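The values are calculated or read from the model by the stated rules, or taken from the named source; none is laboratory data. These numbers were taken from a predicted model, which means no experiment stands behind them. Here the Cβ positions follow ideal geometry from the backbone for every residue, glycine too, while neighbour counts run over all protein chains shown. When the accessible area is computed, the model is the full protein with side chains, heavy atoms only, and any ligands, DNA or RNA have been set aside. Shrake-Rupley method; radii C 1.70, N 1.55, O 1.52, S 1.80 Å.
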Amino acid sequence: MTGHEVVIAGGGPTGLMLAGELALAKVDVAIVERRASQDLAGSRAGGLHSRTIEVLDQRGIADRFLSQGQVAQVAGFAWIPLDISDFPTRHNYGLALRQNHIERILAGWVGELTVPIYRGREVTGFAQDDTGVHVELSEGPSLRAEYLIGCDGGRSLIRKAAGIEFPGWEPTISHLIAEVEVAGEPEWGVRRDALGIHGLSRMEDGRTVRVMVTEPHLGRTGEPTLRDLSEALIGVYGTDYGIHSPTWISRFTDMARQAASYRKGRVLLAGDAAHVHYPTGGQGLNIGVQDAVNLGWKLAQVVKKTSPESLLDTYHAERHPVAARVLRDTMAQVALLRTDDRTNALREIVSDLLGMDEPRERFAAMMSGLDIHYDLGEGHPLLGRRVPDLDLVTATGPLRVFALLHDARPVLLNLGEPGAFDITLWADRVRMIDAEYAGVWELPVFGAVPAPNAVLIRPDGYVAWVGDGTDLGLPDALTTWFGPPAAA
Ligand SMILES: Cc1cc2nc3c(=O)[nH]c(=O)nc-3n(C[C@H](O)[C@H](O)[C@H](O)COP(=O)(O)OP(=O)(O)OC[C@H]3O[C@@H](n4cnc5c(N)ncnc54)[C@H](O)[C@@H]3O)c2cc1C
């Protein structure tokens, strides 16, 4: 039996991001992935939102994605576009980039961090005890780990085997999605009718056609076939355009479910394993990657025994509400996308509202992930919010705040009197930087906030403490987030 500190089931976007985070923290982590290679059949996610690009920038890898995709205003609510070009972020846009490319780039990064991936194998079961988890694989010897993380997608075996409830809402609509070739010239673009929304578009190779069609009935199970697709197309367009040679046919619905608990003992869930919803708004992959960035450093500290196990409970406390809000928003979007006259009238009114500045800012910040606020108590508006990527001046030259987070370690950024803080007892874990910043501190939606004297920044880029000229509360914040002080 091979041992690792952490085993991740599933090497999709969430599992890959989590593996990278753990590897940066020098945790012995391995991924078990059912697919034999990173190749992904079909299209799925179409891009990244602003906050996810920021999170990748915090690790110094955003350029790898930006250079492969198309920067664009991608945020929207029920297909009503939301422009974020006036937002105070370096990445005041989204990125159009298909999931297969996102996964390829993440896998390249994880490869550089030398994370082993057991490919072509499935986790088939596990048993946890007081010291770890015994992980059964479909092939080869089983694995032993201190923690097992289920990043194994919406049908998560890990979630089911852990007995974690997955409550939510049954589907009200069902779509077939496929990549095929056609004999005839189809009607390109989106069609809306009484049944719902359908669309055909040509793919980059100029030959393959991406099809999405709403099904007339709910509740079909099993893998969809070319015949199912043909029937659905004939039902809508009166012809199937001679579809043939499918490379991918899949079904998705607006089922919305969320794991009741993100943790059961030594087993945790992240990404689609923890939450599923309709793809409109394009948030699933994005919040999965951000789950991973919230969990990674916490799990690393628990594995390295610098923090107590209870730190892991803050993962559920912080991330469960984020996905719950996404489920609510996608359900509202599904309702607004219905195609009857009354819903069309309602969508026009919502569109008018979202054209006004304040609603636009609020919804755009929500859809792009820039307004996330973890409840870290009362205090300065920065507390629990993302630190802005400011241009600092240090004794050794200019420095961006996000550059301080590349190695996924916490930072105490001191903008007051140099050397004003003594964090010797945490110096093995927390880096202190003296810097100057004379500009404005501005948050999306919030606007300008009072300039702090110092900020304690967690490895995920969220502010854990804000200083007003004293170190009041700093030792508590250091202990809460980065473990008790070292023995003097
Ligand atoms: C049509 C469509 C469009 C979408 N568009 C967007 C979008 O624009 N933006 C967005 O953010 N999201 C979008 N999504 C959602 C996005 O695709 C998912 O949220 C994302 O893939 C979740 O990533 P994940 O790593 O959590 O899970 P997955 O991508 O499902 O990865 C799970 C991995 O685990 C592996 N696996 C499963 N079981 C096991 C096992 N037992 N053992 C080992 N390996 C296992 C699988 O092979 C897979 O590689 C879309 C989804 C669909 C269907």
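Computed over the Cα atoms of the chain, the ratio of the radius of gyration to the Kirkwood radius (Rg/Rh) comes to 0.98. Only lysines eight or more places from Lys26 in sequence, or on another chain, were considered; those with a Cα closer than 16 Å are Lys298, Lys304, Lys305. Specify the inter-centroid distance of region 113-134 and region 268-323, based on alpha-carbon positions, in whole Å. Taking the Cα centre of region 268-323 as reference, the centre of region 113-134 is 18 Å away. Taking the protein heavy atoms of region 381-438 in the context of the full set of protein chains, the accessible area attributed to carbon and sulfur is 54 percent at 1.4 Å. In this calculation the C-beta distance from Asp476 to Ala324 is compared with R0 = 35 Å, giving a FRET efficiency of 0.80. In straight-distance terms, cross-link reach from Lys160 covers every one of the lysines whose alpha-carbon lies under 23 Å from its own, apart from those fewer than eight places away in the same chain; here that gives Lys264. Using a probe of 1.4 angstrom, how much of the accessible area of region 1-152 is carbon and sulfur, in percent? On region 1-152, the fraction of accessible area on carbon and sulfur atoms equals 48 percent. The residues of the chain present an accessible area of 42 Å² per residue when probed at 1.4 Å with all protein chains retained.
Scoring 351-359, 325-333, 304-312, 274-282 by mean Cβ neighbours within 10 Å over their residues and listing the highest first yields 274-282, 325-333, 304-312, 351-359.
Working from Cα positions, state the angle (0 to 90°, nearest 10) between the long axis of helix 13-24 and the longest principal axis of the chain. Result, in degrees: 20. Using only helices, what value at 222 nm comes out for the chain when you add -39,500 (n - 2.57) per DSSP H run of length 4 or more and divide by the total residues, to the nearest 500 deg cm²/dmol? Taking each H run of at least 4 residues, the total per residue is -8500 deg cm²/dmol. In terms of its C-alpha gyration tensor, region 296-403 has an oblate overall shape, because the principal axis ratio a/c (a ≥ b ≥ c, square roots of the eigenvalues) is not below 1.5 and a/b does not outweigh b/c.
Our note on the geometry: Cα centres of region 461-488 and region 192-235, 54 Å apart.
Among the GluC sites (Glu not before Pro) in region 73-160, those located in a DSSP loop and surrounded by at most 15 other Cβ atoms within 10 Å of their own Cβ are Glu139.
Packing here is the average count of other Cβ atoms within 10 Å per residue, and on that basis the peptides 245-254, 69-78, highest first, run 69-78, 245-254. In percent, rounded to a whole number, the relative contact order of region 259-314 is 25, using alpha-carbon pairs under 8 Å and six or more apart. Remark: region 49-184 is approximated by an ellipsoid whose semi-axes, taken from the C-alpha gyration tensor as √(5λ), come to 34, 23, 18 Å, largest first.
Across region 107-244, the mean sequence separation of Cα contacts (distance under 8 Å, 6 or more residues apart), normalised by length, yields a relative contact order of 16 percent.
Can you bin region 25-107 into rounded, prolate or oblate? Criterion: square roots of the alpha carbon gyration tensor eigenvalues sorted a ≥ b ≥ c, rounded for a/c under 1.5, prolate for a/b above b/c, oblate for the rest. The shape class here is oblate. On region 260-354, 57 percent of the accessible area sits on carbon and sulfur atoms, based on a 1.4 Å probe.
The mean sequence distance of close C-alpha pairs (under 8 Å, at least 6 residues apart), as a share of the length of the chain, puts its relative contact order at 17 percent.
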